[in-house]
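Q: Okay, handing you the structure first.
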Amino acid sequence: MRHHHKAISAKSKDYCWTGCVTPSECAARPQRQVAHGNIIQHDVCSCGATRQTEINGGRSNYGPWKTAEED
């Protein structure tokens, strides 16, 4: 059975951000760019994988889950 990552809210931190967590997808889908330039949320799964999410107002752009080996 494949593992489905779930963010642990107690291990989530927000930071100021002005970049893109999915540059190749944002280039292909400009509607995702509306989340750029405000907050980045760093989530941690119980297995140790991490994900970054851009948040701007009501818009979100979720990055991929990455294991420690991928970082």
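Q: Among all residue pairs at least 6 apart or on different chains, which show Cβ distances below 8 Å where the first residue, located in segment 2-29, is assigned to a loop (DSSP other than H, G, I, E, B) and the second is at pLDDT 70 or above and small (Gly, Ala, Ser)?
A: HIS5/ALA49; LYS6/SER46; ILE8/SER46; VAL21/GLY63; THR22/GLY63
Q: Report the residue count in segment 6-59 for those that are polar (S, T, N, Q), surrounded by 11 or more Cβ atoms within 10 Å (Cβ to Cβ) and at pLDDT 70 or above.
A: Qualifying residue count for the region: 9.
Q: When you go through (1) assigned to a loop (DSSP other than H, G, I, E, B); (2) modelled with pLDDT of 80 or more one by one for ASP71, which number turns out not to apply?
A: Unmet for ASP71, out of (1) assigned to a loop (DSSP other than H, G, I, E, B); (2) modelled with pLDDT of 80 or more: (2).
The values are calculated or read from the model by the stated rules, or taken from the named source; none is laboratory data. Because the structure is a prediction, the values reported are computed rather than measured. No Cβ is skipped: glycine too gets one built from the backbone with ideal geometry, and neighbour counts run over all protein chains shown.
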